[in-house]
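Structure record follows, encoded as structure tokens.
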């Protein structure tokens with residue numbers, strides 16, 4: 001008994017791998033797995049972006065045949081909507097910030113040689129990849145990809161005969177998401193255990209960088225949310241393939257009884273949104289963490305209100321589980337229930353505002369270095385506020401009934417959860433690229449990329465608010481023939497043109513990424529003069545991260561501009577600077 | 001693990017927040033997540049039960065007695081699991097293996113009884129629309145009526161107990177790997193062949209048996225990736241999982257069986 005009780009933290013180290021396959025393909029190294037996740041997300045984001053491009057083209061030129069797809073029928077348009085949403089939410093926003101950067105930098109930032117369970121880590125990546133392959137396969141089966149939206153609302157999603165994509169394509173969609181859930185669960189429990197168990201000496205919980213806090217809380221959300229989606233997916237598969245009726249009431253299709261009866265579509269909505277709302281925070285929390293990190297580094301100031309930031313992350317995570325009903329105001333829920341969900345939802349505004357003001361407080365009177373990661377971090381704050389403002393509108397049942405299913409909703413969530421999170425990913429890419437690849441990214445290309453993305457994003461999504469308020473419904477393929485929406489066609493055209501330009505801007509990023517990997521300027525070990533542990537080690541980090549020793553931590557993560565220190569920053573592993581700070 | 005290595009690790013890391021080893025924390029986290037998965041299923045069941053008027057209570061005494069024996073098997077298996085953990089802590093390798101095998105035996109007994117129960121109910125007419133018809137059985141019992149009037153009954157029954165049965169099956173495989181390591185793989189393959197060939201094509205277990213094949217493949221991969229020796233901590237962690245599966249049954253048994261017994 002005694003032996004293993006004291007072996008609390010068994011040695012997680014494993015020998016450096018030999019050979020290409022064990023080193024780069026079936027790797028147990030968290031850094032390689034992080035890169036694998038990152039490039040998976042990169043492939044996925046371009047697929048998702050291509051789908052959105054097709055949608056935008058179709059919206060203003062509805063009769064134009066599209067490449068690969070030919071004439072766009074209404075159901076094809078719904079397929080585009082569905083696959084764009086699903087791929088972006090699961091394989092980009094969940095995969096890149098958490099699986100990619102979290103995997104790479106969480107162990108290094110806490111001073112660990114690897115994740116707590118390297119084999120599980122590898123399995124979680126390969127599971128996710130399998131999920132992606134199954135998802136893409138849905139395009140190529142008879143009937144094509146499903147058309148039930150990323151939310152998969154029943155009964156549309158719960159029967160084989162409701163539409164052309166609802167046969168094998170929808171089955172693959174559900175199976176892919178179930179596989180993704182299993183991969184995400186393995187990843188989440190690995191992240192949590194690593195954070196709890198493998199912090200280097202001196203790295204107390206209150207000395208963790210805010211990035212680590214964000215990944216940690218995100219992992220907790222994932223652990224609790226994906227299990228529920230897994231159940232919902234299993235029940236949906238049963239409805240589709242075993243003839244059960246969990247989500248299907250007595251309905252007819254084309255006048256024919258379906259044989260289903262007694263189920264409730266609302267049950268699906270409850271189960272889905274119990275996962276779906278925390279998923280929003282799974283996408284945005286890591287970006288918040290990265291943003292906090294970068295604002296402090298490039299303002300050369302300690303983060304404003306570290307403890308408040310930590311409690312705000314925890315508060316957002318907790319409240320995230322209490323508000324799923326605000327997606328269901330239109331479902332006929334009791335006004336009292338709606339009121340409770342509404343109050344809870346607006347309550348999330350409090351920790352969100354704490355974070356925003358702390359970011360502004362960090363910037364205030366800082367000696368700001370406008371590097372490309374900093375630009376994207378500031379852009380993140382801007383998008384977070386712009387997208388966040390429309391949150392309280394939608395959180396009120398009275399307004400939501402008006403705005404529900406109009407372009408106002410996509411405008412809101414694209415700004416705050418979609419593009420804001422993407423800006424977090426961009427900021428993190430520019431920031432950590434030197435550590436990951438040993439070279440700097442090209443700064444002028446990065447700036448061009450920033451201005452294209454920043455202005456383009458606003459040009460695309462700000463007008464969508466007006467479309468929504470004017471009553472333009474979302475998800476419809478062809479609205480050019482509707483008389484009362486004629487006046488809005490110029491605005492739709494503007495959005496599409498803005499999308500062309502913004503997407504072209506993303507190619508700059510792609511070129512910069514691969515060009516810099518091979519031709520970029522050599523990076524030093526700590527090019528940004530930052531304080532956290534990843535900047536104390538070699539570039540790129542050796543297999544066990546710190547070359548055979550484990551760092552000892554003496555300081556908090558944001559010791560910039562310290563009075564009396566020889567430089568304007570004190571690294572976490574530097575000698576202690578005293579309790580006064 | 002050598003004591004000096006342990007000592008080194010102790011001195012370079014912060015103490016774990018829960019004062020225990022990583023694998024145990026990992027398993028607790030998995031159980032937390034899995035309880036949400038079962039929670040969602042139980043929620044779906046409760047939702048269906050409450051929103052359906054005239055929820056039937058068709059389980060006759062035969063089913064209840066059978067389910068009670070199954071419960072006894074599971075409870076006994078938790079006892080043998082505790083004994084296996086105790087043997088492993090005392091370094092009693094033989095006792096550990098013996099008690100693990102006893103636990104697996106109880107688990108297998110549970111699965112076999114449960115499978116028999118499913119087959120009987122399906123033959124009597126409690127079935128899902130896509131389950132193949134059982135040839136030669138003219139089902140005209142109350143269950144046929146239940147399947148027609150309240151399809152939710154069969155759906156939730158098979159969904160919940162099926163998910164639980166899957167967990168017990170995976171638990172038996174898990175314990176088998178801990179107890180016998182590599183030697184368990186061929187045994188698992190034989191079990192798969194027997195289960196596959198011995199069940200008729202119309203039985204849901206004919207295809208369900210492939211879980212064993214998939215389990216054998218996954219176990220082979222994991223053993224190939226991590227060919228390590230298992231120590232007492234592995235037994236303890238496996239025990240956590242086993243007790244959890246047992247605990248879940250303590251919710252399913254009253255909710256699904258007892259609340260739908262005929263005497264009510």
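Here, each number is a calculation from the coordinates, and none is a lab measurement. Since the model is a prediction, treat every value here as computed from it, not as a measurement. For neighbour counting, all protein chains shown are included, and Cβ atoms are generated from backbone atoms with ideal geometry for every residue, glycine included.
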**OP:** Grab the eigenvalues of the alpha-carbon gyration tensor for segment B:127-224, scale each by 5, take roots, and send me the semi-axes largest first in whole angstrom.
**Re:** 33, 15, 9
Subject >> Rel. contact order, % - alpha carbon contacts under 8 angstrom, at least six apart, chain A >> reply: 15 percent
Original post:
Say R0 is 41 Å: what FRET efficiency, to the nearest 0.05, do residue B:101 and residue A:510 get from their beta-carbon distance?
Top reply: 0.10
Original post:
What is the Cα radius of gyration of segment A:225-304 over 2.2 N^0.38 Å, N being its residue count?
Top reply: 1.83
**OP:** Quick one: give the max-minus-min coordinate of the C-alpha atoms of chain A along each principal axis, largest first, in Å.
**Re:** 78, 59, 51
**OP:** Take the Cα gyration tensor of segment A:442-546, multiply each eigenvalue by 5, square-root it, and list the three semi-axes largest first, rounded to whole angstrom.
**Re:** 44, 15, 12
Subject >> Computed [θ] at 222 nm, helices only, for chain B once each DSSP H run of length n ≥ 4 contributes -39500 (n - 2.57) >> reply: -25500 deg cm²/dmol
Original post:
Between rounded, prolate and oblate, where does segment B:166-264 land on the alpha carbon gyration tensor, with a ≥ b ≥ c its root eigenvalues, rounded for a/c under 1.5, else prolate if a/b exceeds b/c?
Top reply: oblate
Original post:
Ranking B:231, A:400, A:171 by Cβ neighbours within 10 Å, fewest first, what do you get?
Top reply: B:231, A:171, A:400
Original post:
Looking only at other chains, what is the average number of their beta-carbon atoms within 10 angstrom of each beta-carbon in B:37-50?
Top reply: 5
Original post:
If R0 is 56 Å, what FRET efficiency do you get for residue A:459 and residue B:181 from their C-beta distance, rounded to 0.05?
Top reply: 0.35
Original post:
Direction-averaged shadow area of the convex hull around the Cα atoms of segment A:194-267, nm²?
Top reply: 7.6 nm²
Original post:
What is the gain in length, in nm to one decimal, between residue A:529 and residue A:311 on full extension, counting 0.36 nm per residue of separation less the C-alpha to C-alpha distance?
Top reply: 75.8 nm
Original post:
According to a simple spin-label model (label point 7 Å from Cα along Cα-to-Cβ), what is the distance in nm between residue B:198 and residue B:263?
Top reply: 3.3 nm
Subject >> Principal axis dimensions, chain B - Cα atoms, whole angstrom, descending >> reply: 71, 39, 28
Subject >> Euclidean distance of C-alpha centroids, segment B:167-190 and segment A:141-213, integer Å >> reply: 28 Å
**OP:** Could you work out the relative contact order of segment B:27-260, using alpha carbon pairs under 8 angstrom and six or more residues apart, expressed as a whole percent?
**Re:** 28 percent
**OP:** Sort A:462, A:322 so the one with the fewest other Cβ atoms within 10 Å of its own Cβ comes first.
**Re:** A:462, A:322
Original post:
Size of segment B:1-136 along its principal axes in angstrom, Cα-based, largest extent first?
Top reply: 68, 37, 25
